[in-house]
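The values are calculated or read from the model by the stated rules, or taken from the named source; none is laboratory data. None of these values were measured; they are calculated from a predicted model. Quick reminder, even Gly has a Cβ in these numbers, built from the backbone with ideal geometry, and neighbours come from all protein chains shown. Keep in mind that these areas ignore ligands, DNA and RNA; they rest on the heavy atoms of the full protein, side chains included. Shrake-Rupley method; radii C 1.70, N 1.55, O 1.52, S 1.80 Å.
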Amino acid sequence: MKIKELRKLTVSEKALQLNLRPDIYGSFAEIGAGQDVAANFFKAGGASGTVAKTMSAYDMSFSDAIYGASDRYVCQERLLTMLEHEYALLEERLPHIADETTFFAFADTLEALNYKRTNRPHGWVGIRFQTRPKGPFNECVIHIKMLDNDALLQQQAVGIVGVNLIFGCFFINQNPEELILSLVDGLPHGRIGIDMFSLSGPDFEHVDNRLMSLKLVKNGLTRAAMFGPDGTVLQPSEALYKKNVLVLRGRFRPVTHVNVDMLLTARRHFKNEEDVDKSKIVVLTEITLNDLRSDGKIDDEDFLARVDIICALGQNVMISNYPEYYKLVEYLSQMTRGRKIGIILGVYNLQRVFEEKYYQDLRGGVLEAFGTLFGNNVKLYVYPSLKQDSDEVYTLDNFKLPDNLKSLFQFLIQNKKLVDIEGANMSNLNIISDNILALIKEGKDGWEDKIPRQVVTAIKENCLFGYPCLPENKDRKELPSKKGGA
């Protein structure tokens, strides 16, 4: 059956197709938003062919007795504990059918909309599954945001996502991007958000979950996704919860001494802020979809080349679809719960921030945007540059603005919402990444001393950014991939 035909199936048809497969059998453990996933299999008919067990331990004491005591119940760690426990029971209690059965354990732990509608409904959904009898298990884990403003609708949406996940892992597992898209089959846009996806296991060692994070953002399932220096995908609200966040946005094509100096010097400023806990600082290198596009398209290999190098330098990466800084700050503020946010940017980027044309769709214009961008917990750290066609250094001291914005600029300076980065390495100011990229593509000398040594090595050994390959490297298209799991 072709993939296009599979995507036309309704949730009932998917559940029935699974029910009619004699070699697929498993259990369901659902906590926090009803048991709508299992219910879809019962409603479809023939559920005895798929469902070994369903259960829901809502009471914390019952849940702790089954899965162990925990301080948090709606988190990735709890989900993985549930999957491990339920899958082990299948193997323990059903060894007599293991030779002809592919087992699975499905689980979710969710926080649905409360009665007063004051919370942010979300949850973890996952499956541990085999692709062949007696084979090793694999796992697919996602984090969802339930966006309906009604608890019953949220339960129904989770039921659909759960069936889509199980169906996809068994029938669309050779095409991970198609699997991702299939998760919201049957759901209008805006009912479910998915900001973390991880597919891992012996049968999926070829899957790079960093690339899957890009697919989530690119396909509109979330506005931002995140992974760590080792390539492990992260769920932003957990990774950034009550953390002080320092962000550097860039193309990083490639990473230069300027990028590194911006991070190091701004971090020195940031950690000395009175309201920053030094033990709870997270530094993010952020790339927007706009900065990933070349000729209107996003090149997967180019994306992996950039993030391989960033990760090799020990940095966290966020991919976002927030071209405007104020929208990025608004998003991060929700994650950090009021903790300090620092934005690092070059002085010319700051000039674009003040351009009123970017805020014409806002009722309050630039003032509305700046109310978010320069909130109580936000500070912008501005890195100097050389003025065009001049050796003069461009900083906040000689920053140029139209007359109608000068008073606003002075207000931000006086209230220390905008500060110059002190201690910047002025010898780096003549480094232009576009010029370096041109030299790399042409195979010319003169760029190696402008970027970190490990980046030079990676570019030459792995033919990154169009660098002319040596004969022995011609077939190598990227660094050894980091297939980070959940």
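At a glance:
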{"read-out": "Residue list for region 223-262, restricted to those being open to solvent by 20 Å² or more (accessible area, probe 1.4 Å) and among the β-branched types (Val, Ile, Thr)", "value": "Thr232, Val258, Val260"}
{"read-out": "Among residues of region 183-235, those that are basic (Lys, Arg) and in a loop (DSSP other than H, G, I, E, B), counted", "value": "2"}
{"read-out": "Residue among Glu13, Glu92 that is surrounded by fewer than 13 Cβ atoms within 10 Å (Cβ to Cβ), modelled with pLDDT of 95 or more and out of contact with any Ser or Thr (no Cβ under 7 Å at 6 or more places or on another chain)", "value": "Glu92"}
{"read-out": "Enumerated helices (runs of 4 or more DSSP H) restricted to region 315-385, each holding at least 2 residues that are without any contact (Cβ under 8 Å) to a residue 40 or more places away in the chain and within 17 Å of Leu408 (Cα to Cα)", "value": "347-353, 365-373"}
{"read-out": "Residues that are part of a helix (DSSP H, G or I) and either open to solvent by 80 Å² or more (accessible area, probe 1.4 Å) or in contact with a Pro (Cβ under 8 Å, 6 or more places away or on another chain) (or both), drawn from region 435-460", "value": "Asn435, Ile436, Leu437, Ile440, Lys441, Glu442, Asp449, Arg453, Gln454, Val455, Ile459"}
{"read-out": "Any chance Lys406 is charged (D, E, K, R), over 16 Å from Tyr325 (Cα atoms) and part of a loop (DSSP other than H, G, I, E, B)", "value": "no"}
{"read-out": "Hits in region 408-434 (condition: among the polar types (S, T, N, Q) and either buried (at least 16 other Cβ atoms within 10 Å of the Cβ) or closer than 15 Å to Leu264 by Cβ (or both))", "value": "Asn425, Ser427, Asn428, Ser433"}
{"read-out": "Residue in region 117-131 that is of a type in the set (Val, Ile, Thr), touching a strand residue (DSSP E or B) at 6+ places or on another chain (Cβ under 6 Å) and buried (at least 16 other Cβ atoms within 10 Å of the Cβ) present", "value": "yes"}
{"read-out": "Qualifying residue in region 144-151 (condition: within 19 Å of Lys215 (Cβ to Cβ) and either polar (S, T, N, Q) or out of contact with any helix residue (DSSP H, G or I) (no Cβ under 6 Å at 6 or more places or on another chain) (or both))", "value": "yes"}
{"read-out": "Single residue of Thr336, Thr265 found to be in contact with a strand residue (DSSP E or B) (Cβ under 6 Å, 6 or more places away or on another chain), surrounded by 18 or more Cβ atoms within 10 Å (Cβ to Cβ) and on the phi < 0 side of the Ramachandran plot", "value": "Thr336"}
{"read-out": "Residue pairs meeting the criteria (Cβ under 6 Å; at least 6 apart or on separate chains; first without any contact (Cβ under 8 Å) to a residue 60 or more places away in the chain and crowded, with 16+ Cβ neighbours inside 10 Å, in region 41-52; second among the charged types (D, E, K, R) and part of a helix (DSSP H, G or I))", "value": "none"}
